[in-house]
Amino acid sequence: MIGSTSPVVGRSVELPADHPGVSDLDYRTRRGAIAEVGEQYRSGDPIPDVEYTAEEDQVWRIVSRELGAKHQRYACRAYLDGAAALTLPTERVPQLREVDERVHALTGFHIEPVPGLVPTMVFYGALARRRFLSTQYIRHHSVPFYTPEPDVVHEIIGHANMLANPLLADLYEVAGRASVRVADHDDKLLFFSKVFWFSLEFGVLLEEGELKAYGAGLLSSFGEIDVFRAAEIRPWDIEQMGTLDYDITKYQPVLFAAESFDRMVHDLTAFFDGFGRP
Ligand SMILES: [Fe+2]
C-alpha cells in the first residue's frame, strides 16, 4: 500500500472525517493494535500472527465470497490460475505469514507487514527486492463492500493472488527496479507511478473478445468490478498511461486495454526494464 503514513495516537488510529470507522473508538483502537504488529516487524523476521476477531473474519468471509463470484466473470485467466494455486482461506482473514509462505513457494515473492500507508518509494523499492508491503487491518464492518483506503482485502485478494503467477511476480519486480532508478527524478517517478496505476492497479485486457481485469484495484473492488466495462476503454498506450491524471476517490472513468495477457506482460516488462536507463 502506498500513501502518507497514518498517524497512530496512543493505541488508536486517527481516521479522516468521512471514514466509516471514524466514530468507532473500538475500531480505531483495534487498528492501532494491528498497526503495532507491522511497526515492530523487520524485513526477514518471522511474521507474527494477528488474532482476528469473529467480526473481522465475517467481513473477510462476506467480501471474499462475493468477490470470488465476480472474479469468475471479470478476472483474467492468470488471476484465476494464481488464486487457484494460492488457495487462500475464504472463511477467515488469512495470516500474512501463511500468504507469504504460499506466495514465496510459488514465485519467490515475499509478503511483509507494514503498519499502514507507507511512502511511495518504500513501497515500490520493496518490489525491486521481491517484497510486497501489505497492511493487515480490515475495513469497517458496517460497510463490508467499501473501503476508502487499501486494506488486507485489497492487498491479498487484489495483489497476492497476482503475485502467485510467476510472470506477474517478475513484472512487479521489474517495475520496482524501474522505480529505484528514477527515485530522484520527480517527473519520471510520476510517469512511472501513473503507468503502474493504469496497469497493475487498474489494468484490463482482452481475453477471447471479452474485457477482463488484471489490476488489483479492480479485482478487489466490489462495486467497480461490476462496472469497469462501462468506462471509456482506450487502446493500449503506455505513453498515454504515464501522462494521464487520475482520481483515487472515484471509479476510474478511463481504462487502458491490452489486446492480450501476453502483450501486456511483454510490453510492460520491456517498458519497466528500459525506464530510467541512460
Ligand atoms: Fe494496490
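The values are calculated or read from the model by the stated rules, or taken from the named source; none is laboratory data. Fair warning: this is a prediction, and the values are worked out from it, not measured in the lab. Counting neighbours? That spans all protein chains shown, and the Cβs are built from the backbone with ideal geometry, glycine included. Just so you know, the surface numbers come from the protein's heavy atoms only, side chains and all, with ligands and any DNA or RNA stripped out. Shrake-Rupley method; radii C 1.70, N 1.55, O 1.52, S 1.80 Å.
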Based on the inverse mean of 1/r over its pairs of different Cα atoms, what is the Kirkwood hydrodynamic radius of the range 121-274, in Å? 15.8 Å
Hey, could you get me the Stokes-Einstein D for the range 162-230, Kirkwood radius over alpha-carbon pairs, 4 °C and 1.567 mPa s, rounded to whole µm² s⁻¹? 98 µm²/s
All-pairs alpha carbon distance profile, the range 1-143, 5 Å steps from 0, percent: 2, 9, 16, 19, 22, 18, 11, 3, 0
To the nearest 10 degrees, how steeply does helix 77-86 sit against the main Cα axis of the chain, on a 0 to 90 scale? 40 degrees
Can you work out ³J(HN,Hα) from phi for every residue in the range 110-119, in order, using Karplus 6.51 cos²θ - 1.76 cosθ + 1.60 and θ = phi - 60°, giving whole Hz and x for Gly and Pro? 10, 10, 10, x, 10, x, x, 4, 10, x
The long-range amide H neighbours of residue 257, using H built 1.01 Å from N in the peptide plane and a cut-off of under 5 Å, are 234, 236
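Among 195-202, 44-51, how do they line up by average Cβ neighbours within 10 Å per residue, starting with the highest? Could you put the intermediate results ahead of the total?
Working: 195-202: 24.1, 44-51: 13.0.
My ranking of the peptides, most packed first, is 195-202, 44-51.
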Under 5 Å from the placed amide H of residue 13, counting only residues 5+ away or on other chains, we find 29, 31, 32
If each part is reduced to its alpha-carbon centroid, the range 18-40 and the range 241-257 end up apart, in Å, by 29 Å
Tell me the accessible surface of residue 91 in square angstrom (1.4 angstrom probe, heavy atoms of protein chains only), to the nearest ten. 110 Å²
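How large, in percent, is the carbon and sulfur part of the accessible surface of the range 24-98 at a probe radius of 1.4 Å?
Percent of accessible area from carbon and sulfur atoms in the range 24-98: 47.
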Can you tell me the mean projection area, over all orientations, of the convex hull of the range 115-203's alpha carbons? Units nm², please. 6.0 nm²
Using Cα positions and a limit of under 22 Å, work out the lysines in reach of residue 250, with same-chain residues fewer than 8 apart set aside. 70, 194, 212
How much length is gained on full extension from residue 101 to residue 26, taking 0.36 nm per residue of separation minus their Cα-Cα distance? 23.9 nm
Rounded tilt (10° steps) of 261-274 against the dominant C-alpha axis of the chain: 90 degrees
Restricting attention to the alpha-carbon atoms of the range 210-278, what are Rg (one decimal) and Dmax (integer), both in Å? 13.1, 42
For the chain, dividing by residue count, accessible area per residue (probe 1.4 Å) in Å² works out to 44 Å²
Of all the accessible heavy-atom surface of the range 104-172, with the other protein chains kept in place and a 1.4 Å probe, what percent is carbon and sulfur? 64 percent
Asserting the computed 222 nm helical MRE of the chain (DSSP H runs at least 4 long, -39500 (n - 2.57) per run, divided by residue count, to nearest 500) equals -13000 deg cm²/dmol
Using only the alpha carbon atoms of the range 73-149, find the Kirkwood hydrodynamic radius as the inverse mean reciprocal pair distance, in angstroms to one decimal. 14.2 Å
Along its principal axes, what span do the Cα atoms of the chain show, with the longest given first and each in whole Å? 46, 40, 39
Take every DSSP beta bridge with both residues inside the chain and express the antiparallel ones as a percent of the total, to the nearest 5. 35 percent
Protection-proxy order for peptides 238-248, 95-105, each taking the mean of Cβ atoms within 10 Å per residue, highest first: 95-105, 238-248
